[in-house]
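Undergrad: Would you mind keeping the following structure in view while I ask a few things?
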Amino acid sequence: MKVALGADHGGYALKEYVKKVLAEDSVEFHDFGTFSEDSVDYPDYAQKVAEEVAAGNFERGILICGTGIGMEIAANKVPGVRAALVHDVYSAQATRQHNDANILTMGGRVIGPALAGAIVKAWLSSRFEGGRHARRLEKIRALERKYSSGE
Ligand code: RB5
């Protein structure tokens, strides 16, 4: 599995920690930045990672900003992306099993590294259950098609 990583200045430190967690578990990743705590705009990094995931170049993405909220909102504008803001292990599992979330977002100013590491491990190891959940995702895709401008 290949994971695309991105963060703004509010998520930079936690992104660096998540890279260690991924490396320890031998998970392949690419870091799309940012590479310091200098102030940047989170939609730029959400766009990079979301487009890579939507294009199929990476199976999953992880985006971190101060709260995780801005990254979630921005990433979900890219068709094909199902980005989920997660700050607990139960939701990390559920959003894979039920929502087939392909991007995980977290807030570097909300949770600490130990919980974030547990969330990442649970999220990467949980599988989509299909069945009734697949029907619901198809309804989300229909919404996406209905409101997509095609730009
Ligand atoms: C940056 O200060 C902050 O707004 C950003 O990291 C994020 O929390 C936005 O949702």
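Undergrad: Could you put F128, F29, F58 in order, starting from the residue whose Cβ has the fewest other Cβ atoms within 10 Å?
TA: F128, F29, F58
Undergrad: What is the extension gain from K19 to E144, computed as 0.36 nm multiplied by their sequence separation minus the C-alpha to C-alpha distance, in nm to one decimal?
TA: 41.8 nm
Undergrad: List I119, I103 from most exposed to least, where exposure is judged by having the fewest other Cβ atoms within 10 Å.
TA: I119, I103
Undergrad: Then there is this: Work out, step by step, the length gained on full extension between D41 and V89: first 0.36 nm times the residue separation, then minus their alpha carbon distance; give nm to one decimal.
TA: Here the answer is 14.5 nm.
Undergrad: Below 8 Å, C-alpha to C-alpha, sequence gap of six or more: please give me the relative contact order for the stretch 3-91 in percent.
TA: Computed value for the stretch 3-91: 35 percent relative contact order.
Undergrad: Using Cβ contacts closer than 10 Å as the measure, can you line up S126, S148 from fewest to most?
TA: In order of increasing Cβ crowding within 10 Å: S148, S126.
Undergrad: Run the numbers on the chain and let me know its relative contact order in percent, using alpha-carbon pairs under 8 Å that are six or more apart.
TA: Rounded, it is 24 percent for the chain.
Undergrad: Under the Karplus relation 6.51 cos²θ - 1.76 cosθ + 1.60, θ = phi - 60°, what is the ordered set of whole-Hz ³J(HN,Hα) values for the stretch 87-100, x standing for Gly and Pro?
TA: Computed from phi, the couplings for the stretch 87-100 are 10, 8, 5, 4, 5, 4, 5, 5, 6, 7, 5, 9, 9, 6 Hz.
Undergrad: Which value at 222 nm does the chain reach when only helices count, each DSSP H run of 4 or more adding -39,500 (n - 2.57), with the total divided by all residues and rounded to the nearest 500 deg cm²/dmol?
TA: Roughly -14500 deg cm²/dmol at 222 nm, from the helical runs in the chain.
Undergrad: Here's a follow-up. Using each residue's phi in the stretch 130-137, evaluate 6.51 cos²θ - 1.76 cosθ + 1.60 at θ = phi - 60° and report the 3J(HN,Hα) Karplus result to the nearest Hz, with x for Gly and Pro.
TA: In residue order, the calculated couplings are x, x, 4, 5, 5, 4, 5, 5 Hz.
Undergrad: While we're here: Find out how many positive minus negative residues lie around F35, taking Lys and Arg as positive, Asp and Glu as negative, among other residues whose Cβ is under 15 Å from that of F35.
TA: Local net charge: -4.
Undergrad: Something else now. Which one, A23, G56, L115, projects farthest toward the positive side of the charge dipole computed for the stretch 16-119 from Cβ point charges (K/R +1, D/E -1)?
TA: It is L115, whose Cα lies furthest towards the positive end.
Undergrad: Out of residues 5 or more away from F29 or on other chains, whose amide H comes under 5 Å of its own, with H placed 1.01 Å from N in the peptide plane?
TA: Under 5 Å from the amide H of F29 lie the amide H atoms of V3, each far enough along the sequence or on another chain.
Undergrad: Roughly how big is the stretch 7-151's charge dipole about its Cα centre, with Cβ charges of +1 (Lys, Arg) and -1 (Asp, Glu), in debye to the nearest 20?
TA: With only Lys, Arg, Asp and Glu charged at Cβ, the dipole is about 800 debye.
Just so you know, all these numbers are worked out from the coordinates, no wet-lab data involved. Owing to the predicted nature of the structure, the values given are computational and were not obtained by experimental measurement. Because the Cβ atoms are built from the backbone with ideal geometry, glycine has one as well, and the counts that use them run over all protein chains shown.
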